[in-house]
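First up is the structure itself, then whatever we jot down about it.
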Amino acid sequence: MSASGGNKAIVAAFLANLGIAIAKFIAWALSGSASMLAEAIHSVADSGNQLLLMLGGRKARREADRSHPFGYGRERYVYAFVVSIILFSVGGLFAIYEGVEKLTNPHELDQTWWWLPLVVLVIAIGLESFSLRTAVRESNLVREKGQSWVSFVRRSKAPELPVVLLEDVGALTGLTFALLGVGLTLITGNPLFDALGTVMIGVLLVVIAIVLGVETKSLLVGEGATQADYDRIVDAINAGDEVEKIIHMKTLYLGPDEFMVAAKIALSADKPLREAAGDIDAIEARIREAVPVARVVYIEPDVYRPAIDPEPSTDVFVLKSSD
């Protein structure tokens, strides 16, 4: 994913959430709606989340040093994981608490400003729709042809766009819950609908936070290349006549925009060292041409010994050749 594409979606979401949060707080202060308060806190949490994503992207661009020889690319995963925690605790748990409190101690809405929460919610839906539209447009630039949105969120190695997508979808769904809760309360005069809407918003945010946390944790632990990229690397290695066999190979994402390839290959036993070094250079060039994000490549030459060399079953993928 391009950094600029992710940043556009983050900035659009931040501006939308900041304006929405202010409007929601005003509507809550004048009406006393629990749903409006839950949505206001939700928008504040989302605004903070977008700032964290931008901070993570900035820190990830630092140059590699002795302490972090492979760079700081995983900073983006760390901050995305923090976002899921904030969404869970600040957004979801607070909304559930507020909703349960209003269920046990119902409060009538202030009828003087009955129309204000509805107006704010409708405007917020429009702004969140703009933010979601931006995120969808930027995601379509990097989403593979025919890939479902669920697969995109689960398989994307860059966390920013999936986070913003889920936040925007959650925000629109939460706004719908709030609109139903406030609307039914105003129509029936029963404050329980407002409280139920608040609880539904909280449960929704907790579910989204758990999904984000699970997916980001997988990236933090360390994921290998996708099957498609893995196959392209294998094909690139086998494209020349230098290699007798790929003994084993492993890949690991060092950050959203780069991963490492470590392969042990069998060369001819009588090949001179200078010629073997030239073969390795050619193999590395083919790998980087086939998969540009394979920026760190380690090739270990060896002689294939079936009785000694391990089978490549320790890797998560089955090796394939283009033959």
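The values are calculated or read from the model by the stated rules, or taken from the named source; none is laboratory data. Note that this is a predicted model, so its numbers are computed, not measured. Backbone-built Cβ (ideal geometry, glycine too); neighbour counts: all protein chains shown.
List of remarks:
- Unmet criterion (only one of (1) surrounded by fewer than 19 Cβ atoms within 10 Å (Cβ to Cβ); (2) under 18 Å from Ala21 (Cβ atoms)) for Glu63: (2)
- Filter result for Asp46 (surrounded by fewer than 20 Cβ atoms within 10 Å (Cβ to Cβ) and either at pLDDT 85 or above or part of a helix (DSSP H, G or I) (or both)): no
- Residue check for Thr173: in contact with a strand residue (DSSP E or B) (Cβ under 6 Å, 6 or more places away or on another chain) and either modelled with pLDDT under 90 or not hydrophobic (A, V, I, L, M, F, W, C) (or both): no
- Checking Ala209, Ala158 one by one, the residue that is under 18 Å from Tyr77 (Cβ atoms), under 14 Å from the mean Cα position of the chain (by Cα), in a loop (DSSP other than H, G, I, E, B) and assigned by TED's automatic domain parsing to the domain that holds Val90 is Ala158 and no other.
- Members of the stretch 22-43 that are part of a helix (DSSP H, G or I), surrounded by fewer than 21 Cβ atoms within 10 Å (Cβ to Cβ) and in contact (Cβ under 8 Å) with a residue 24 or more places away in the chain: Ile26, Leu30
- When residues of the stretch 120-133 are limited to those that are surrounded by fewer than 20 Cβ atoms within 10 Å (Cβ to Cβ) and touching a residue at least 40 places away in the same chain (Cβ under 8 Å), the one farthest from Leu175 (Cα to Cα): Phe130
- Single residue of the stretch 170-225 satisfying the filter (more than 29 Å from Tyr253 (Cβ to Cβ) and of a type in the set (Ser, Thr, Tyr)) that is surrounded by the fewest Cβ atoms within 10 Å (Cβ to Cβ): Thr188
- Residues considered: Thr198, Thr226. Of these, the only one that is under 30 Å from Ala282 (Cα atoms) and of a type in the set (Ser, Thr, Tyr) is Thr226.
- Scanning the stretch 86-118 for residues that are modelled with pLDDT of 75 or more and either over 29 Å from the mean Cα position of the chain (by Cα) or on the phi > 0 side of the Ramachandran plot (or both) yields Val100, Glu101, Lys102, Leu103, Thr104, Asn105, Pro106, Leu116, Pro117, Leu118.
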